[in-house]
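Have a look at the structure below, then the notes.
FYI, it's all coordinate maths here, none of it is from the lab. Quick caveat, the model's predicted, so the values are computed rather than measured. Note that we place each Cβ from the backbone using ideal geometry, even for glycine, and neighbour counts take in every protein chain shown.
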Protein chains: 2
Amino acid sequence: MSKSLALEDVTTAGCCAPLSGPQLSEQEAAELAKVFKALADPVRLRLLNLIASQEGGEACVCDLTGPFDLTAPTISHHLKVLRQAGLITGERRGTWVYYRVIPEALTRLSGLFALSAFVDA
Amino acid sequence: MSKSLALEDVTTAGCCAPLSGPQLSEQEAAELAKVFKALADPVRLRLLNLIASQEGGEACVCDLTGPFDLTAPTISHHLKVLRQAGLITGERRGTWVYYRVIPEALTRLSGLFALSAFVDA
């Protein structure tokens with residue numbers, strides 16, 4: 001119940017038109033291309049996967065460097081790119097920054113690739 | 001070789017696991033990053049949108065150059081990138097090539113961003 005309501009809300013806001021739906025404007029396409037550029041990196045995809053799969057939906061930056069053979073500044077750079085693309089938020093609490101995915105951003109992308117319009121056609 | 005090999009590999013490895021689900025392997029992340037690189041271009045996103053939204057799901061290349069202020073070879077290049085990423089197929093019939101999206105590829109991406117695992121958590 002609650003989850004379909006939430007999705008409906010986002011959908012009626014007009015954010016989640018599928019690629020098989022209305023024409024993307026040049027501006028919408030440019031904005032989406034920026035998001036996909038942020039996703040077009042294996043380390044950033046794995047970071048997003050790690051954050052999204054944490055129990056409670058939140059990951060401490062202190063847990064995000066271990067899985068990679070990369071320096072902390074490099075990981076921080078990738079997290080910044082994901083933040084700037086509107087895919088995650090970061091909140092400093094004490095020593096560490098804690099990251100969460102932005103559900104609306106993922107829902108929008110999921111809706112973009114949804115195939116319902118094919119089925120209805 | 002098959003032009004959709006990359007996405008097929010990912011798909012058979014675990015078809016529509018969400019980012020909030022199991023950990024992506026380095027190889028899965030690398031394959032997905034290639035797909036997002038193909039999507040990280042406004043013209044390619046608009047081409048995919050045009051193809052996906054055609055009645056019957058099929059677009060003649062002859063209808064894909066008009067909406068853009070680009071040369072036919074440039075459009076062909078972008079279509080080739082989408083084909084190589086496993087997002088569309090192209091079939092020559094007579095004078096023209098006809099393009100379709102690959103539904104499994106879009107479903108895979110839609111599932112990647114699906115939020116069910118957040119709601120269930």
Got the relative contact order for segment B:25-114 handy, in percent, Cα pairs under 8 Å and 6 or more residues apart? 29 percent
Let me see the P(r) profile for segment B:25-114: every Cα-Cα distance counted, bins of 10 Å, each bin given as a percent of all pairs. 16, 51, 25, 7, 0
Average partner coverage of B:17-23, which counts Cβ from other chains inside 10 Å: 6
Distance between modelled label sites at B:Thr74 and A:Gln23, nm, 7 Å Cα→Cβ extension: 1.7 nm
Quick one: label points 7 angstrom along Cα→Cβ at A:Gly86, distances to the other copies in nm, smallest first? 2.8
Could you pull the copy-to-copy label distances for A:Phe68, with points set 7 Å along Cα to Cβ, in nm to one decimal and sorted shortest first? 3.2
Cβ-vector label at 7 Å, A:Glu55, separations to other copies in nm: 5.5
